[in-house]
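A short worksheet on the structure shown next.
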Amino acid sequence: MMHMWYWFGNNLGNFLLPGYNVVTTTSFFCTCLGLFALAILYEGMKVLQIKLQHSNVILAQKQSQRTLDNSCLLSKISSRFIGVHISLHCIHWSAWTFQVFHWALRTSLGYILMLAVMTYNVYISIAIVLGGCFGYWIFGPKLVEYNVKQYYEKQRLLDCDKECPGHTTNHERHDSTVSIVAEELVTEATVEVHMPKDA
């Protein structure tokens, strides 16, 4: 029977999958315990997803820096326009495929937990919420640590843009590029003026 309101009881009938019948107290308890564990796993997969993203970003930055160091002046000038394109191609396909697979698995697990809550069974909902709370209690500090690490890395890059010697900002690079082009145009105009007309 499909309930549209919260109810107490341990007879779920077919639960999520055909053939998985939850009609006894023992099977109901094991189902709640399993959902409790899945909720903990879901919170842990959140942290792993952020770690994978952070690792791929670092890998892309290293590969992009290596590519830019070996490129010519023209590619350095236009690097801000093709930076996104380079970053996408610098991530190893194996790491990116694993991240996509992990994201799909975590999303599927989230939908399973959502469908379990939609049975409107009070005990099922309590088991999932408690599992999520326990998972966040375990993995929450690691999540905060990754967020703080990303913040300090961004802050370090911003400080380096302002203070590091020999490191120019985008505005300074743009001004120097414009001045070089302007000097070349002035030189060409001067040459044209001083050239004899019969040449």
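For the reader, a short list of remarks on this structure follows.
- Between Gln155, Gln150, the distinction of being of a type in the set (S, T, N, Q), at pLDDT 50 or above, part of a helix (DSSP H, G or I) and surrounded by 13 or more Cβ atoms within 10 Å (Cβ to Cβ) belongs to Gln150 only.
- Test: residue in region 132-145 that is touching a Phe, Trp or Tyr at 6+ places or on another chain (Cβ under 6 Å) and assigned to a helix (DSSP H, G or I): no
- Residue in region 62-79 that is modelled with pLDDT of 60 or more, part of a helix (DSSP H, G or I), within 30 Å of Gly140 (Cβ to Cβ) and polar (S, T, N, Q) present: no
- For region 127-158, a residue qualifies if it is without any contact (Cβ under 8 Å) to a residue 40 or more places away in the chain and of a type in the set (A, V, I, L, M, F, W, C), and the qualifying residues are Cys133, Trp137, Val144, Val148, Leu157, Leu158.
- Of the candidates Ile112, Ile82, Ile50, the single residue that is open to solvent by 30 Å² or more (accessible area, probe 1.4 Å), part of a helix (DSSP H, G or I), more than 30 Å from Gly13 (Cβ to Cβ) and at pLDDT 75 or above is Ile50.
The values are calculated or read from the model by the stated rules, or taken from the named source; none is laboratory data. Remember, predicted model here, so these are calculated numbers, not experimental data. When we count neighbours, we look across all protein chains shown, and the Cβ atoms used for this are built from the backbone with ideal geometry, even at glycine. Surface accessibility is based on the protein's heavy atoms, side chains included, excluding ligands, DNA and RNA. Shrake-Rupley method; radii C 1.70, N 1.55, O 1.52, S 1.80 Å.
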